[in-house]
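Values quoted throughout were computed directly from the atomic coordinates according to the rules given, and no laboratory measurement underlies them. Owing to the predicted nature of the structure, the values given are computational and were not obtained by experimental measurement. Counting neighbours? That spans all protein chains shown, and the Cβs are built from the backbone with ideal geometry, glycine included.
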Amino acid sequence: MKTNLISKIFYPFENNTSNFLLILGSCSFLILCFLGYQWEFISDGIIQMHMATYKEFWKVLINNLINTASLSLLMFFLARLIYAKSRFIDVLTVVLIAQANLVCIALALFNPMLKETTQAIIPSMVNGTIKPDEGMLNQLVWLSFAAILALVFILCFFFLLVQGMKIAMNSKKGYHGIIIILMTLLLDALLWITRPYIN
């Protein structure tokens with residue numbers, strides 16, 4: 001049973017129904033929007049999130065929709081080039097499930113406790129007045145742990161995106177995974193540069 005659970009988590013597209021994954025991905029999308037609204041951060045790229053000023057919930061929702069829609073359309077374009085029978089709903093489901101990792105990153109990096117710790121440490125580091133006492137060292141350990149955790153979930157994002165897209169476009173070729181990653185990173189950079197988001 002434990003093995004079955006692990007398979008469902010790490011290989012969701014092979015071990016869960018499409019409807020379940022679409023509902024799960026949609027719920028995670030709404031949770032990410034809610035966290036962005038509550039904790040005041042913006043998803044200003046496919047895999048980028050930064051602190052921001054307060055925004056109404058509808059603005060956070062639209063900003064996240066920009067990311068989800070742009071990645072879904074780009075991946076659908078690639079999928080149709082490789083496999084003409086690829087369906088947009090399958091691609092959208094893959095993108096939503098991959099983006100569920102962003103919820104975990106938000107929980108790790110933008111929770112109020114870590115935010116308070118960051119706000120306490122950064123001025124001292126900038127001014128050069130940081131004192132390596134036990135309390136400060138504990139705070140640095142928590143910050144480092146959160147950063148490592150965020151990196152792990154970014155890797156999981158790409159793992160699930162590649163895995164799901166290869167199924168959606170009926171591909172067994174390894175280099176297609178590299179293309180998916182490169183196209184996602186290019187889109188991330190383009191969104192960061194053009195910033196089509198509501199302030």
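Once the chain from residue 113 to residue 54 is taken as fully extended at 0.36 nm per residue, the excess over their C-alpha distance is 19.4 nm. Calculated from the structure at hand, Cα Rg over 2.2 N^0.38 Å is found among [x] 1.39; [y] 1.13; [z] 0.97 as [y]. Cross-linked pairs 59/166; 8/55; 85/172: Cα-Cα separations exceed 26 Å for 59/166; 8/55. Computed extension gain for residue 16 through residue 73, at 0.36 nm per residue and net of the alpha carbon distance, reaches 18.2 nm. Amide H to amide H, with H built 1.01 Å from N, residue 41 comes under 5 Å of 52, counting only residues 5 or more places away or on other chains. The residue 80 and residue 34 beta-carbon pair, evaluated with R₀ = 41 Å, returns a calculated FRET efficiency of approximately 0.80.
With θ taken as phi - 60° and the Karplus curve 6.51 cos²θ - 1.76 cosθ + 1.60 applied, the whole-hertz 3J(HN,Hα) list for the stretch 98-115 is 4, 5, 4, 5, 5, 4, 5, 5, 4, 4, 6, 9, 10, 5, x, 5, 6, 4 Hz, x standing for glycine and proline. Just 178, 46, 167 to compare: in a GNM of the chain, with alpha carbon springs under 10 Å, which one fluctuates most? Result: 178 has the largest fluctuation of those listed. Relative protection proxy for 106-114, 6-14, from highest mean packing down: 106-114, 6-14 (other beta-carbon atoms within 10 angstrom).
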